[in-house]
């Protein structure tokens, strides 16, 4: 059993990252359960803010060197060392990468992952890693596969949403075939992969929902977490009910539909405030939409926020709304972690029946679901909860119970730990 002995390498694209609380929760739980980890991050953090729980992680971190002369030299030396010590493995890896590059629409990307893998594999051997696990089926899984060949150790990966649906099925089959096992976080994803895999390949798939650290969301009678002070920089007026939304400001989150629904609510004379937490490329477009709808002072874009401040904001909200959609290229959410957090806080949630969301939100029981790209239906659902607070309390309390029964991270991570130990064996 992998505990105080040789560590398991966790390969991430970028660490730490505010939007990947689910990975942080998993690593925290694994360490508390006795698994020794080593983090390999392909990119350095780009955000100035970080989740406070990052300080709890004990695992050392290996970053790829910066793209400088000294960084390039370091990568070249790592490759040269591997080629000298393990020429057959290195030759096999070069052949594998060349074959992928020939068949790929993005051969430069394959070359980049090969360069990354050579450097990380050198560090992997130095730290005695016995198993590799990558989060996301794109670059991290590619690097993990190449590292596994260079180091002669098994690897596995977790696939979530965009990384799964934007990867060609033939490429996913190849990666699943080479992995010791594959985790996914929704039944929707599982059934999608089962549709193009052989029975032997399907046996490698395992459904493990992302867990929430419920200790951060102490419940109170009737649902919800105890009201906390409003974060200092959050311009939310508490005299009107607060609709809270959290997500990156990107098209698949459907935040323009939420703002359109807010315009409808205002036209109906419904009193409310809406706070949207998150940052992203659509900020200017969403700000323009708010101005055009004359919603300044009613709808606020609060920007990125640390998790402790977000927890306080959950405590001031009356409901949580998020309206994801499926993009034309197939990009979509799996189960947004913020929906699970809102339910853990005992908030009634309004969302869309997209991807794995109906696995989390039972319409009429633990929240309300509407169709994507439908601001009218979204406004109707929000208005119902604002005007029927007893229904909201009922849904919020049921949501909390569902989280306690099925989404506690200390329990969901036990399944991950068992699979990692089997993967080592």
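Just so it is clear, none of the values below were taken in a lab; they were calculated from the coordinates. Predicted model, so just to flag it, every value in this text is computed and none were measured. Glycine gets a Cβ as well: all are built from the backbone with ideal geometry, and neighbour counts include every protein chain shown.
Computed from Cα atoms, the angle from the helix 21-32 axis to the main principal axis of the chain rounds to 60 degrees. Under 18 Å from a label point set 7 Å out along the Cα-to-Cβ vector of residue 171, the amide N atoms of the range 111-137 belong to 111-117, 134-137. I'd like the distance separating the alpha-carbon centroids of the range 346-425 and the range 157-178, in whole Å. When both Cα centres are located, 26 Å separates them. Applying 1/(1 + (r/R0)^6) with r as the Cβ-Cβ distance of residue 362 and residue 76 and R0 = 45 angstrom yields a FRET efficiency of 0.25. Shape class for the range 263-377, computed from the alpha carbon gyration tensor (a ≥ b ≥ c): rounded, with a/c under 1.5. Computed from Cα atoms, the angle from the helix 389-406 axis to the main principal axis of the chain rounds to 20 degrees.
Please compute the contact order of the range 214-406 in relative form: average sequence separation of alpha-carbon pairs under 8 Å and at least six residues apart, divided by the residue count, as a percent.
On the way: 377 pairs, mean separation 52.1, N = 193.
After rounding, I find 27 percent.
If R0 equals 51 Å, the separation of the Cβ atoms of residue 68 and residue 270 corresponds to a calculated FRET efficiency of about 0.40.
With the Cα gyration tensor of the range 214-406 giving a ≥ b ≥ c as the square roots of its eigenvalues, does the rule (a/c under 1.5 for rounded; else a/b larger than b/c for prolate; else oblate) give rounded, prolate or oblate? Rounded is the answer for the range 214-406, as its axis ratio a/c remains below 1.5.
Whole angstrom only: what separates the Cα centroid of the range 32-46 from the Cα centroid of the range 265-337? Here the two parts' Cα centres lie 30 Å apart. Between helix 409-424 and the chain there is an angle of about 10 degrees, using the helix long axis and the longest principal axis of the Cα atoms.
Over the chain, Cα pairs under 8 Å with separation of 6+ residues give a relative contact order of 16 percent. Packing here is the average count of other Cβ atoms within 10 Å per residue, and on that basis the peptides 384-395, 308-319, highest first, run 308-319, 384-395.
DSSP beta bridges confined to the range 214-406 are antiparallel in about 5 percent of cases.
Starting from the Cα gyration tensor of the range 314-371, take the square roots of the eigenvalues, sort them a ≥ b ≥ c, and report rounded, prolate or oblate (rounded when a/c is under 1.5, otherwise prolate if a/b is larger than b/c, else oblate). Here the range 314-371 falls in the prolate category.
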